[in-house]
Structures are given as structure tokens and as C-alpha cells.
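Everything on this sheet refers to the single structure shown next.
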Amino acid sequence: MEIQPKGLRMVSFSTVLDDLMMAQQPIIDRKKHTFGYELLFRGKNALFADFLEGDGDAATSQVLVNLCIGITELRSQLNKPFFINITADLMMSDAFFPINPNTVYIEILENQTITPEFIEVVKKWHTIGYRFVLDDYQFTEDYDAILPFVSIIKVDVLATPPDQYRQQIAQLKARGLTLLAEKVESLSMLEQCMSFGFDLFQGYFLQRPTIIKGRKIDSATHSAIELVNALQNDNISIDEVTHLVSIHPKLSYQLLRILNSPLCGINKTVTSIKEAIVFLGLTQLKKWALLITLTSSTKQPRALLKILLTRARCCQLIAEHNHSPLIDAAFMVGLMSGIDAVFHVEKQVVLTEIALDKPSRDAILTFSGELGGYLKQALYVEEQNWQSIQTLPADQRTALNNAFLDAITWSENVMLSVN
């Protein structure tokens, strides 16, 4: 498929994001692995789907073409498909749409009228390889004619009573359809949806753990926290770091593996922790050791850890953009802001055990101060809080978009390196 039609110029994805805001939400399978991501974009006043509404000229605009190219680049880095919303107007316009069918699932929105003309267009796109998702399925016969061209059905389990869908799930799956539960807001909802037979899950259940009040930190978690605290000590020596890491064989192995990956940019093979400190510096090595300690000391889904790494990196990059001296603290605040989800212990309880300074602790608990501002911005994008994003000045919004985009790919590379 041709990538760039005549008369349109190539620009970077970050340039496209000067005009659009982007957010993404992971879609998880039954093993709690990441299946794909839903990508959402907004212009000044509308969602991506609405942004693309209008006549054929608008649909074939420079922004659309380069947005599609950017999505393709992002797909190659994350190696997961994206779910995107586009309008019937675009689909029926014969507009240039430069995305490989394997890159995306196209969502048919719940307010779409299923007409014979629309079915013919879906059939045409399906014939050339595009896959379709029926959003917010209502379990009515109105959709029967389009089901042969649909791969996945989404059910809003927060708004739809179970009695309306639980008896029909087996019938739909027998037709070869995959069932996706969206707006799964808690782990208990996740377990219920799994018991009903759903295959895929989308929502904030990973970031909103079931916390048992009064639950104590177990011995394994306490051991990990002790190592975290030791690494946080500003006065720790190179020899002490080397010793701490060496007595944890798994940490030593994973740390050397990540230090020899492209993420760290060391131009020679590193064979010892002390050698790594020489090339990276103590501060950077402590950050990597801390990150690996947290990711290896929990049984929580890797998808959750990726969310937290993305959040941490986003905070760090916003601080860098602002030329702040708190770059490392911003990363730590982003990472530790989800510590309750990692260990399933009340946030206040875990934070009393971790050696964080007061500004960092206050940023996590109350979003106060400069660090709290960075955390709030990262969460705006993570939670698709468009209204709050729109209150930011244009340059901050652009910086936030670019930081989040970078953080998505960076965290994916980290997770691959510590696997």
C-alpha cells in the first residue's frame, strides 16, 4: 500500500501531536498479558473519530496522513495492534488511509446506524484485510448483518447489567467472535468478567487494586523495600552498591542484561557492576537497580508495571523539558505513585517504609509542589482527562504529548530487557 500520496509531505509524529492530544489504554488478555492498546486522539474540541469527520479533503489532509504514519511507527516499536475510532464518513469517502490492516482494529461506534450502504463499505474494507470491533454492543438484531465482518465485540460492563449479556456470550463466541469487556474498574469486576467467558479486558482495574485495610507488608516485600531504601541513600558508596546488588543474583543478572542493552547506550560490554558505575555513574545505576528490584519483587501483571514505568518516564521527561533539577525525583514519584497497586498495601503504609523525602511523599499523596504537578500531568494522559489537558498552555500540552509518546516506547523496551 502506498504510504504518501502526491502533494503531501512527511512530518514527524511529534509534529502531528502539536495539533492533537493522544492517550492510550492497554487491552489485557485472560493471562493478564497486553493484547493491544486503544489509541484516542483529540483535536481542540473533539475525539479522533470526530476530528476526522467532514468532507473528503479534510479526511485526506496532511494531519491524517502523518498521524497514520506515526501510528504505524508506534506499532512497529510496541509490536501490538492498536484499536482506533474512525467515522463512517471517512470509511465511505475513499480517502487515502495509509495504515497496514495488520496494524489496527477499527472500532464501529455505538451510535453508528447500520445501513446497507455502511455494511457494503465495511465488507469492502474487510476484504482487503481490515479488522473491525463493534463498540458498546447492545445485543440486538440490528447488528446481525454486520457480525460476519467483525472480529471483536466490546461490552460496556459498567453500564450493562450482566443479565443482558451473560447468556449470549457463549453463542457469540461460537460464531468465532472475541468478547472484550470494557470499563472494568476493579479486580473483582475482572474476575467476574472472566467467569462469564470474556476474552479481553479494558479499564482501570490494574491501577485500582483491592486494598485490604490494615494489611501488613510481607517478608518478601519488606526485603525488597530494604534494598530500595539502601539504594536511595545519597551517601552510599560504589562498593556498597556493588555488594548490595551482588548478594541478589537475580538482580545482578537482570541489571547486567539491561546495562548491556541499547537503553543505556554503553559502547562496550559491561561484565561487572563496578564497571557499569564507571560508565553510567552511581545515580543512573541506582535508578536501574531500583527499577529492577520493584519489577522483580511482585507477582502483579507486567502490564501494570509497564503502566507505572510509562508514568515515571513521562514525569521525568516533563521535568527535563522544564529544565528542573528534580529530574530523578520526578521519575521516582511517578514510579512510587503506584506502589499500592504493586504490593496491594495501602499507599500510606508502604510509603512510611520507603526512604522518600517529604516533597516526593507529598507529591504522591496530595499532588502538591512541583513534583505533584508533573505527576498530575502524567495521570491526565493516562486517564484520558481531556478537560484538564486542555487547560494547559499549548507548549506544555505539546511537551506532555511528546513525553507520553516517548515513555510508551521506552517502557516497552525496559520490560523486554528485564523479561
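Quick notes on this one:
- The residue of segment 251-292 that is modelled with the lowest pLDDT, among those that are of a type in the set (S, T, N, Q), open to solvent by less than 30 Å² (accessible area, probe 1.4 Å) and within 23 Å of residue 408 (Cα to Cα), is 254.
- Filtering 119, 99, 106 for residues that are under 27 Å from residue 185 (Cα atoms) and open to solvent by less than 60 Å² (accessible area, probe 1.4 Å) leaves a single hit, 106.
- The residues on offer are 179, 134, 147, 172, and the sole one that is in contact with a strand residue (DSSP E or B) (Cβ under 7 Å, 6 or more places away or on another chain), under 14 Å from residue 108 (Cα atoms) and surrounded by 12 or more Cβ atoms within 10 Å (Cβ to Cβ) is 134.
To keep it simple, each residue is scored yes or no on (1) at pLDDT below 80; (2) among the acidic types (Asp, Glu).
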site: 37; (1), (2): no, no
site: 44; (1), (2): yes, no
site: 50; (1), (2): yes, yes
site: 55; (1), (2): yes, yes
site: 59; (1), (2): yes, no
site: 72; (1), (2): yes, no
site: 76; (1), (2): yes, no
site: 135; (1), (2): no, yes
site: 141; (1), (2): no, yes
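- Residue within segment 308-316 that is farther than 20 Å from residue 234 by Cβ, at pLDDT 85 or above, among the aliphatic types (A, V, I, L, M) and in contact with a helix residue (DSSP H, G or I) (Cβ under 7 Å, 6 or more places away or on another chain) present: yes
- Any hit, segment 326-340, residues being touching a residue at least 12 places away in the same chain (Cβ under 8 Å) and farther than 26 Å from residue 402 by Cα: yes
- Failed item, numbered, when residue 240 is tested on (1) closer than 30 Å to residue 29 by Cβ; (2) modelled with pLDDT of 75 or more; (3) surrounded by 12 or more Cβ atoms within 10 Å (Cβ to Cβ); (4) among the charged types (D, E, K, R): (1)
- For segment 109-116, the criterion of being surrounded by 19 or more Cβ atoms within 10 Å (Cβ to Cβ) and at negative phi is satisfied by no residue at all.
- Candidates are the residues of segment 328-341 that are open to solvent by 10 Å² or more (accessible area, probe 1.4 Å) and either more than 11 Å from residue 309 (Cα to Cα) or of a type in the set (Lys, Arg) (or both); the one that is modelled with the lowest pLDDT is 340.
- Selected residue (criterion: farthest from residue 367 (Cα to Cα)) from residues of segment 320-346 that are of a type in the set (Gly, Ala, Ser) and under 20 Å from the mean Cα position of the chain (by Cα): 341
- Residues of segment 364-382 classified as more than 25 Å from residue 27 (Cβ to Cβ) and of a type in the set (A, V, I, L, M), total: 3
The values are calculated or read from the model by the stated rules, or taken from the named source; none is laboratory data. If you're wondering where the values come from, they're calculated on a predicted model, not measured in any experiment. Here Cβ is always computed from backbone atoms with ideal geometry, including for glycine, and neighbour counts include all displayed protein chains. Remember, those area values only see protein heavy atoms, side chains included, never the ligands or the DNA or RNA. Shrake-Rupley method; radii C 1.70, N 1.55, O 1.52, S 1.80 Å.
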